[in-house]
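This report concerns only the one structure given below.
All of the numbers you see were taken from the coordinates with simple rules; none came from a lab. A quick note: this is a predicted structure, and the numbers were derived from the prediction, not measured. Please note: Cβ atoms are built from the backbone with ideal geometry, for glycine as well, and neighbour counts cover all protein chains shown.
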Amino acid sequence: MNKIIFLLLISLQLLNAQSLKDLHFGTDSTFEVVSWNIEWFPKNGQVTADSVKTILQSLAADVYALQEIDDTTLLKQVVSTIPGYACHFKFSHYGGLAYVYNTNTVQVNEKYEIYTSQPYWNAFPRSPQVLELTFNNEDYVIIDNHLKCCGDGVLDLNDTSDEENRRLRAINLLKTYIDSIFSNDKVIVVGDWNDILTDPTPNNVFNSFLNDSDYLFVDFPIALGSSANFSFPTWPSHLDHILISR
């Protein structure tokens, strides 16, 4: 069985306080998945592009699930200079969600979007992107997301425009899809979920997953810990999560 290691990244500003070239993550024998909201890449032009290249190379993860990719051409250029890596966007003119993966360790079998039609646009302002792949003879399904932002922390079940309501419906739709299509698969759901795991039950949009023992948020200890370790510590908030199936 493969050992899987996960990492969440959110702030280039914080990473720049470290030595980017000294970043280390995982081993040659582990399957490493990174979720990273890059925040409108390239927010600071070529400086951002150069830093992202250094981070991708230094971490050397197997799969990066990215959010907020504004310039797909520049990201493609960055990835093309990293030996053994490729990237995938649904649309060449606007990435939004994207994958970068190690072609030497990962065999991509399928890549597609789900919940793309108009009835789901309210729940999903960005259609989830699915990557089916094989690593070390084991198959995995990764689903990258960026759910609706903002809100007041109060879930209004009677208002379909309420931000928490939209995220609740998106999360329940994700669970329905996984339960029906990938019930026997190894599934990893990543991304910027724009909500916190520790809300009280009446306002917690994650209840369907939290109450099902077949799923686990591997970053839950972060949500319970110091804000210094949150995915957006300067806010502070921990809105970026990695969920795995049993």
Residue-by-residue Karplus 3J(HN,Hα) for segment 31-37, coefficients 6.51, -1.76, 1.60, Hz, glycine and proline x: 9, 10, 10, 10, 10, 8, 7
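Please arrange HIS241, HIS24 by how many other C-beta atoms lie within 10 Å of their C-beta, fewest to most.
Final ranking by Cβ density, sparse to dense: HIS24, HIS241.
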Theoretical ellipticity at 222 nm over the chain - DSSP helices of four or more residues, -39500 (n - 2.57) apiece, nearest 500: -6500 deg cm²/dmol
